[in-house]
Structure formats: C-alpha cells, structure tokens
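Remarks on the structure that follows.
Computed from the coordinates by the stated procedures, all read-outs in this text should not be read as laboratory data. Treat the numbers as computed from the prediction; the structure is a model and nothing was measured. Positions of Cβ are backbone-derived with ideal geometry, glycine not excepted, and every protein chain shown enters the neighbour counts.
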Amino acid sequence: MVAIMSVSHMDRFLIWYVSIPEDETHNTRSPCAIPILKTKGAIAVSFRVFGTSFLFINSHFPAHETQCQRRLDEYEKIITSIQLPKDTSLLKTRYITSDLTGRFDCVFWFGDLNFRVELTHENVCQYLESIKSNDMYEPLLEYDQLSQSMAKSVLFRGFAEASRVMFAPTYKFELNSDTYETVLRRVPSFTDRILYRSKRLGHIVNYQYNSVPKFNTSDHKPVFALFDAQIRHGRDDIPLNLGLFNREVYIEGLRRRAAEAGRKISENHDCVVA
C-alpha cells in the first residue's frame, strides 16, 4: 500500500503469549495518471493476546466533500473482502459473520477516513475563530458526515468514537503551518478519526483522544488515543508466536534493560544501618 503503514508495538515479555500475527490489505485503484498507483485502501492486522482477539484496521477512504457514498461503499468492501482470521474453524458461533469486525473481541479502526463537515469554508473558519480555544466543537460535528452516518447506522455499526472530540478539525492545513489552507478552500474537517468496538460491553475503555497540532509536516494533524482493554485467559488451541521474532533485537532489548536497571541500582546504592 502506498502511504499507509501499520506498526504494532508491545512489551517484549508478551511475545510468548501472543498468537502469530496475520494481516491482509484492501486496495482501491486511484483514478490518477498512474493506474498501478493505489493511494486509498486499508491494512488489517489481527492477533490474540492470551485469550482475547484484536483487530486493527488502518484505512484511507476516498476524498472530497461529494464522495460520502464512495466512502460508505469502501467501508462495506473492506468488512466483507478482508478474510481474517485465516482459520475460522476455531471461531465460536457468535463470531462467525460476513462482517470482518464481528469476528474479534476488540476492534480499533483508524486513519484518514476523509469524512467532511458539510458547511462552507468561510462558515467553519469563522466559527473556529469565534471559539478560539474553548474546545466547543459539537456544533461542527452536527454537520460531520461520519457522525451523521454512524447515527443512522449505515456504517461502523457497533462502533463508538474514542471519547468526546475535543480537538479542532485536522484537515486541511498549509504545510509547515497551523493555518487552514485558503487556495483550494477545502472545508476544515475532522477527517482523521479513531473508532473502537468490543464484543462485550465495557471491555474497552477510552482514557484520552486528541490531536497533535505541533506536527506540521503534512496537511493533516495526527490524532491519538489511549485505551484499556480487558484480557481473557488464554487458549491452548491457538498457535502462539513463541520463537517467531528477531532474536537479536529481543536479546539487545533485554541487555539494555538489564544495563539500565543496573545503573539505577548503582546510582541509588546507599548503606543503611539500623
């Protein structure tokens, strides 16, 4: 995939309790001059931690204000075309579904979803100027295509957005600037989002959801979220990752941690006589 990348990090001690990761992609052919260049699509990565299955989907939906239906169509293609997990024979009955996101305990879907605010460029900029830093973005979200579509259950069924949106629209900015662009006059919108879904109510709790406005090397501002997910006991019939990792990196990590621990012990070594 061009311009889409997913990276999963975890504590090195957990690799013994994680299943073999699986991944699959969904590509969207771009109507650009280079037909083999695919700039939109999705990457899905799945694995188990002990007895809980996780699915992470990073997607880049079609752009422009008038292409909301194309975004809805892409969503449907992604959840029906990506086949994870590869082996469905171990799935319980209630996990067997044509909807990819229904086969996992915890699902996180994020990326440049490209849904727009259905107002004019002038109206949005004037409103943002009027509220300054008061984080009063609910009036704009009433015109947000994603919020409207989720309320109608036409996509992301069963998903919730990570907490309340308390950050400004993350698109479209002038490069190396905190100023919304004024040449193409793209309507400032909440294009970059993080959504989640859990099989059991309350098994995912969101603690933080925000943007990072200091990053200005793109016409987007990145977003991040912090979650707490409940983990169930492991299963003996799931192949674990075990030795399928770069041993040199693993050993180097252990060496550095041991060296750091030794340095801290040395720095705090005091003789106490009672």
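Among 203, 26, the order by Cβ neighbours within 10 angstrom, fewest to most, reads 203, 26. For the range 55-97, the list of trypsin sites (Lys or Arg not before Pro) that fall in a loop by DSSP and count at most 12 other C-beta atoms within 10 angstrom reads 86, 92. Based on the Stokes-Einstein relation at 4 °C and a viscosity of 1.567 mPa s, and on the Kirkwood radius from alpha carbon pairs, the range 126-213 is assigned a translational diffusion coefficient of 88 µm²/s. Pairs of lysine residues in the chain that meet both criteria, 8 or more places apart or on different chains and Cα atoms under 15 Å apart, total 4. The long axis of helix 121-131 is offset from the longest Cα principal axis of the chain by roughly 60 degrees. Give me the angle, in degrees from 0 to 90, between the Cα long axis of helix 247-267 and the longest principal axis of the Cα atoms of the chain, rounded to the nearest 10. Taking Cα atoms only, the helix is inclined about 80 degrees.
Computed over the alpha-carbon pairs of the range 12-261, the distance histogram in 5 Å steps reads 1, 5, 11, 15, 16, 15, 13, 10, 7, 5, 2, 0 percent, short to long.
Within a 10 angstrom radius of the beta carbon, how do 228, 135, 219, 144 rank from fewest other beta carbons to most?
Details: 228 9, 135 12, 219 17, 144 24.
Fewest to most other Cβ atoms nearby, the residues stand as 228, 135, 219, 144.
By other beta-carbon atoms within 10 Å, ranking 177, 19, 149, 89 with the fewest at the front produces 89, 177, 149, 19.
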